[in-house]
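Participant: Encoded as structure tokens, here's the structure I'll be asking about.
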Amino acid sequence: SVKSLLNMQKNSATVSDGISAETIKRTPDKNTSDVLKRISGASIQDNRFVIIRGLNDRYNASLLNGAPLPSSESDRKAFSFDIFPSNMLDNIIINKTASPDLPGEFAGGVVQINTKSVSDKDFQSISIGSGYNTVTTFKEGKTYKGSPTDWLGFDDGTRDLPSAIPGTAAFNTLTPTERSEIAKTFEYDWSINNETFKPNTSFQYTLGRYFKLNDTKSLSFLSSVTYNRTNVFSETNRRTYDAPGQLVTNQLDQNYSVQTLLAAIGNVSFKADANNSFNFKNLYSITSDNRVLDRNGSLVEESDPLWINTTSRIFTSSKIYTGQLSGDHFLTESKIKLNWVGSYSNVNREIPSER
């Protein structure tokens, strides 16, 4: 709740800001990057990377339920926060000053993401939502033939390159005829189709179960599945100059994008007694951006003006799995509280056959 989060900030030895599940419920935010925009001192770049106190992603650290998150990018120290759905969050806290229990590799802040914990009672909930956007819904967009599983956020192999393609060294030794035969093995539909954008959709189902084993022992389960599908249209004007007033390129990019988020969590908690408990938390998330780029405009090369029309088909799919085993223990004689966590995370991003 908001009250408990404020108490946490008041008693904290560090300067921190945060947002609770109670507040998140009242917002239309679909993923964690949207939620982070609402925290003081934080902003979002490219709809997924966090900037804290003006310092970009490389100067920040990220924790999920107390365990470090790996970088989601292959060429930079950054994490893409659009991977986590907002309705699976318990709270987000950003620590802006250092303390002994936090990683020392940050100058901006530490983003602590805490997912929902198990419940002490049986429950289940289902929510179905739809959204209307004046720019996209029931308006004409552009699409192409992808794979049958694109709506789930991943490619089923339709975009895979032919297995007969040799390596670079071997390919360079082939004759033009042999290269032509390899080119014929590519089976792709190059057409661009017009399609009406459907309304945005969202779905979540959550199930919680609680088992009281005896007076001190209990076992709890929490599982949840979330699905979001959003249509996006954007325009970008691209202009480059060789000198002041000397226009070289003047192009308009129109991006037609379908963004999908599919995520599931499965948590188990065992309470041995009043002073000892163990938790096993799992989260798996798939996000995808299926985009058609339509570029039109002029290009001047050595005083020879050209009109350029380009289309591009780009499918990006990101997957993350994180599993955590943790324990909370209170030593009554010494009044010491001990917390420990062991975690495994795997991040994968694929852009199959961008063409």
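Participant: Given the residues LEU306, LEU283, which is the only one that is surrounded by fewer than 17 Cβ atoms within 10 Å (Cβ to Cβ), assigned to a strand (DSSP E or B), out of contact with any Lys or Arg (no Cβ under 6 Å at 6 or more places or on another chain) and at pLDDT below 90?
Facilitator: Of the residues listed, the single one that is surrounded by fewer than 17 Cβ atoms within 10 Å (Cβ to Cβ), assigned to a strand (DSSP E or B), out of contact with any Lys or Arg (no Cβ under 6 Å at 6 or more places or on another chain) and at pLDDT below 90 is LEU306.
Participant: With GLY297, GLY342 as the choices, which residue is part of a strand (DSSP E or B), exposed (fewer than 15 other Cβ atoms within 10 Å of the Cβ) and of a type in the set (Gly, Ala, Ser)?
Facilitator: On inspection, the qualifying residue turns out to be GLY342.
Participant: What number goes with the only condition from (1) surrounded by fewer than 18 Cβ atoms within 10 Å (Cβ to Cβ); (2) farther than 21 Å from THR322 by Cβ that ASP90 does not pass?
Facilitator: The failed condition is (2).
Participant: Of the conditions (1) open to solvent by 40 Å² or more (accessible area, probe 1.4 Å); (2) modelled with pLDDT of 85 or more; (3) charged (D, E, K, R), LYS96 clears all except one; give me its number.
Facilitator: (1)
Participant: Kindly indicate which of THR236, THR216, THR226, THR249 is in contact with a strand residue (DSSP E or B) (Cβ under 6 Å, 6 or more places away or on another chain), open to solvent by 60 Å² or more (accessible area, probe 1.4 Å) and β-branched (Val, Ile, Thr). If you could, list the steps in order and put the result at the bottom.
Facilitator: Numbers: THR236 fails: open to solvent by 60 Å² or more (accessible area, probe 1.4 Å); THR226 fails: open to solvent by 60 Å² or more (accessible area, probe 1.4 Å); THR249 fails: open to solvent by 60 Å² or more (accessible area, probe 1.4 Å).
Only one candidate qualifies: THR216.
Participant: So, one more: Looking at SER180, SER125 in this structure, which one is touching a residue at least 60 places away in the same chain (Cβ under 8 Å) and exposed (fewer than 14 other Cβ atoms within 10 Å of the Cβ)?
Facilitator: Testing whether each residue is touching a residue at least 60 places away in the same chain (Cβ under 8 Å) and exposed (fewer than 14 other Cβ atoms within 10 Å of the Cβ) leaves just SER125.
Participant: Name every residue in segment 41-52 that is modelled with pLDDT of 85 or more and either open to solvent by less than 40 Å² (accessible area, probe 1.4 Å) or part of a loop (DSSP other than H, G, I, E, B) (or both), in order of residue number.
Facilitator: Looking only at segment 41-52, we keep the residues that are modelled with pLDDT of 85 or more, and these are 42-44, 49-52.
Correct list: ALA42, ILE44, PHE49, VAL50, ILE51, ILE52.
Participant: Which residue out of SER326, SER288 is touching a Gly at 6+ places or on another chain (Cβ under 6 Å), in a strand (DSSP E or B) and modelled with pLDDT of 90 or more?
Facilitator: Just a single option satisfies the conditions, and that option is SER288.
The values are calculated or read from the model by the stated rules, or taken from the named source; none is laboratory data. Note that this is a predicted model, so its numbers are computed, not measured. Neighbour counts run over all protein chains shown; Cβ positions are idealised from the backbone, glycine included. Ligands, DNA and RNA are excluded from the accessible area calculation, which covers all protein heavy atoms including side chains. Shrake-Rupley method; radii C 1.70, N 1.55, O 1.52, S 1.80 Å.
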